[in-house]
1. Being in contact with a Lys or Arg (Cβ under 8 Å, 6 or more places away or on another chain), in contact (Cβ under 8 Å) with a residue 60 or more places away in the chain and in a helix (DSSP H, G or I) narrows it down to one residue among L201, L194; which is it?
2. Being crowded, with 24+ Cβ neighbours inside 10 Å and within 30 Å of E185 (Cβ to Cβ) is the requirement here; does G144 meet it?
3. Out of the residues in the range 196-214 that are of a type in the set (A, V, I, L, M, F, W, C) and either surrounded by 16 or more Cβ atoms within 10 Å (Cβ to Cβ) or on the phi > 0 side of the Ramachandran plot (or both), state the one that is farthest from the chain's Cα centre (by Cα).
4. Of the residues that make up the range 298-309, is at least one buried (at least 20 other Cβ atoms within 10 Å of the Cβ), within 17 Å of the chain's Cα centre (by Cα) and more than 30 Å from E396 (Cβ to Cβ)?
5. Residue check: is E362 in a loop (DSSP other than H, G, I, E, B), assigned by TED's automatic domain parsing to the domain that holds A53 and either in contact with a Leu (Cβ under 8 Å, 6 or more places away or on another chain) or in contact (Cβ under 8 Å) with a residue 12 or more places away in the chain (or both)?
6. Of all residues in the range 299-319, how many are in contact with a Leu (Cβ under 7 Å, 6 or more places away or on another chain) and small (G, A, S)?
7. Does any residue of the range 144-154 turn out to be over 14 Å from the mean Cα position of the chain (by Cα) and on the phi < 0 side of the Ramachandran plot?
8. When the range 50-71 is examined, which residues are found to be in a helix (DSSP H, G or I) and β-branched (V, I, T)?
Amino acid sequence: MNHYRIGVPPKWWNPKLSPWLVRMSAGLRFKMMKRLHRVNKVHVHNREVLESAIAGGQGVMITPNHPSHCDPHVIYDAADRVPTPLFLMATWHVFYGKSRILQWMFQKIGTFSVDRDGADMTAFKESIRILQKETAPLVIFPEGEIYHCNDRVTPFLVGPATIASTAARKSDREIVIVPCAIKYEYVVDPTERLLQVMQELEQSVFWRPRTEKSLIERIYYFSEAVLNLKELEFMGQTKSGPLTERVNALADYVLTVHEKERDLQQTTKSIPERIKGIKTRCVKELCDDKNPVSEKRREELFRQLDDTFLVGQLFSYPGNYVAESPTIERIAETIDKFEEDALMRPTAGIRGERECHVYFGEPIRISGDRKKGKPPAEITHEMEQSVQSMLDRHAEKKAAVT
């Protein structure tokens, strides 16, 4: 996962969409995708779904899974085939620290910022306006974080469905959500590069490279070593049992400590929702100008934020992800996460040439009637299931061919 600065964003970057500039920059954006992410081809499936919704004058929200840093490039490339420009909600860290020219470019192709750790009403209202008034679709990644799990959808946050439901209540046109599945595949075997990174990882915990073992065995040995260290740090002792159970137990332990302090209820919420609840409270307290915190309390709040980041990292490692289907993509994704989390690199390196498949699912129509319409939680579940189904069908097709 990305290590990023937590706090109040310095400003809000609004969209300044220029359809002309979107068209003119298509070639440049494709070259950047190839150079930065080594994705040489994007296959777009069922684009007629998106074409029909736009042609019908509907307000369209696209909700893709978020497995890679390349996802915005891929979505823009798929939209170029329709063709349509896009509005895209992105964390404010995408803009922060960039040159004014690059910030301006992001805005001109429709990107706008959101504070994921707070209640960003400005971004919320802008999203509603786009769905109610604009021709171009709005793209929101409901997973929030990049988890590097391309075959499994992590729990969607309820925010996008809430935006769509709110927009539908006072809209003069129909609002629809178009679920979208993104799937990357290597076209050049990256194993040699992965072995090099695995050696770095083992050396980072003072091990000699375990070259006598398979790469999959090395992944699980390294996972257990790091998990042992974190269990000792937080729980005072190492645990036994299946890796998945231990990861979940540690995540729950860390969150429960902070939830009890803040009297937060966690019984029916997913791990990402629990993380967000704690982060929102911490940031609110840190940024309360009327009741400034002491330096000691400030350090404590940042420690709590660090703890929630750790839980997010733990959550991104489904313990059986590689073992149940040891594809080169799953192996590479896991080592990518190790590289970002253990070696503290801003982003994982790309090991080889890739291609990507983008699937658009059947639209989910959003009712503007509070009483008769589906609640946001139910819409969110439907979005999540649709994306996972498309990923599963892709895997089945590939298995049938091979």
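The values are calculated or read from the model by the stated rules, or taken from the named source; none is laboratory data. If you're wondering where the values come from, they're calculated on a predicted model, not measured in any experiment. Backbone-built Cβ (ideal geometry, glycine too); neighbour counts: all protein chains shown.
1. When all the criteria are applied, what remains is L194.
2. So G144 does not fit the description; no.
3. Here the residue is F206.
4. Yes: one or more hits.
5. yes
6. 1
7. The answer is no; no qualifying residue exists.
8. I54
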